[in-house]
Amino acid sequence: MTVEKEPIDQHCFIRDRAFSTRARDGFRHLLRHLWPGGSSRIVLPAYIGHSPLEGSGILDPLTELGIPYSFYRVDERLEIDLTSLENELARGDVFAGMAIHYFASLQPELRKAKTLCHDAGAVLVEDCCHCLDLPGRGIGEIGDFALFSIHKVLPCSDGGILQTNRDALEPGTLPRESRASELPVRLWRDALFEEIAARRIGNYEALAAALDGLPGISQFWSLLSEGTAPLNLPILIEDVDRFEVYKRMRAQGVGVVALYHTLVDAIEPDRFATSHEVSRKILNLPIHQDVGTEDIGIIVETLSGALTELGG
Ligand SMILES: Cc1ncc(COP(=O)(O)O)c(C=O)c1O
């Protein structure tokens, strides 16, 4: 036996991360490796969107590779319905389950979801594409694999990460494919994520307080859950056409989005009514790290102006 003078184990407390152009490229690479073929499928949460411009980051790799998929239910806060997940897994022939931390709110039942997946012989892919990199908060640390999307949270137009967690695979089994441009890799390495998280949380709380009691909307989360550094502040537009509010706010220069305004066709409205209701009403307000105190007032003013104009 030898005791080395310096560490030589490249897997000891070193995360296995491969950078890609976008998260979907890392996901495609992972699927190529994991899918056993035939009718074996992946089970996805029933809240996945697509747009003509961006496609669908989750579904496109699956359709490109011809991999079957099915959906489990999420509730009105987009949290995993464990019974529905269990039922989907019980139908058999599942190689992977996926969980998504929507708008960066951590899925509270992720550990149970992982156990259900493992009991069914499937791995868990944890989608952290709306999240920051905040070690110790459970982000990307529970799933067997985790995906991050750099361009969604830092100022660049591409960049994704596929993380393979300890014990998910024998080291070196997944062929390494690392492709990304320099900027996102540098930004991810150098970003002060704790500061970014603090700014996002501060902005979220200021905006949530300013929106309190505004008629015609409801806030998607009553409280920001522990460990969450939000992607944005989601609200539900209750009484008027969400798209009209979106258009008016955009026209006033406020960068709102609607994640996801259109769900993929395979999420049927009759089976997944809750998902469709969220999709119809959701509007995501900006609270990212570039948003300043004065912007919060502008967002509130623009939103309430749009609601008043629309008679909400
Ligand atoms: C939850 C989620 N996962 C994955 C993706 C794909 O990310 P990327 O654009 O980096 O491929 C998206 C966006 O399209 C997303 O919203």
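No value in this document is a laboratory result; all are computed from the given coordinates. Every value quoted in this text rests on a predicted model; they were computed, and no experiment measured them. Counting neighbours? That spans all protein chains shown, and the Cβs are built from the backbone with ideal geometry, glycine included.
Quick notes on this structure:
- In the range 172-219, one over the average inverse separation of all distinct C-alpha pairs is 14.5 Å, which is the Kirkwood hydrodynamic radius.
- Ellipsoid equivalent to the range 16-190 - semi-axes via the Cα gyration tensor, in Å: 24, 18, 16
- Cβ-placed point charges (K, R +1; D, E -1), dipole of the range 16-190 about Cα centre in debye, nearest 20: 280
- Site pair THR262 and GLU64 shows an inter-label distance of 2.0 nm when each label is modelled 7 Å from Cα along Cα→Cβ.
- Dipole moment magnitude, nearest 20 debye, the range 193-309 about Cα centre, only Lys, Arg, Asp, Glu C-beta charged: 200
- The phi torsions of the range 106-116, fed into the Karplus equation with coefficients 6.51, -1.76 and 1.60 and a -60° offset, translate into couplings of 5, 5, x, 9, 5, 5, 5, 4, 5, 4, 4 Hz, rounded to whole numbers, with Gly and Pro shown as x.
- Projected label distance in nm at GLU76 and ARG15, using a 7 Å step from Cα toward the beta-carbon: 3.5
- CD proxy at 222 nm, helix term only [per DSSP H run n ≥ 4: -39500 (n - 2.57); per residue of the chain; nearest 500]: -10000 deg cm²/dmol
- Gyration tensor verdict on the range 98-237 (Cα atoms; rounded if a/c is under 1.5, prolate if a/b is larger than b/c, oblate otherwise): oblate
- Count Lys and Arg as plus one, Asp and Glu as minus one, and take only other residues whose Cβ is under 10 Å from that of GLU126; the net charge is then -2.
- Of the residues PHE19, LEU116, ALA206, the one whose Cα sits farthest toward the positive end of the charge dipole of the chain, with +1 on the Cβ of Lys and Arg and -1 on the Cβ of Asp and Glu, is PHE19.
- Percent of C-alpha pairs per 10 Å bin, the chain, short to long: 6, 26, 34, 23, 9, 2, 1, 0
- Counting only Cα atoms, the size of the range 203-312 along its three principal axes is 42, 37, 23 Å, in decreasing order.
- The range 76-147 and the range 1-28 have their alpha-carbon centroids 22 Å apart.
- Ranking of MET249, MET98, MET1 by count of other Cβ atoms within 10 Å, fewest first: MET1, MET249, MET98
- Rounded to the nearest 20 debye, the dipole size of the chain about its Cα centre is 500 debye, using +1 on the Cβ of Lys and Arg and -1 on the Cβ of Asp and Glu.
- Cα gyration tensor category, rounded, prolate or oblate, for the range 27-118 with a/c compared to 1.5: oblate
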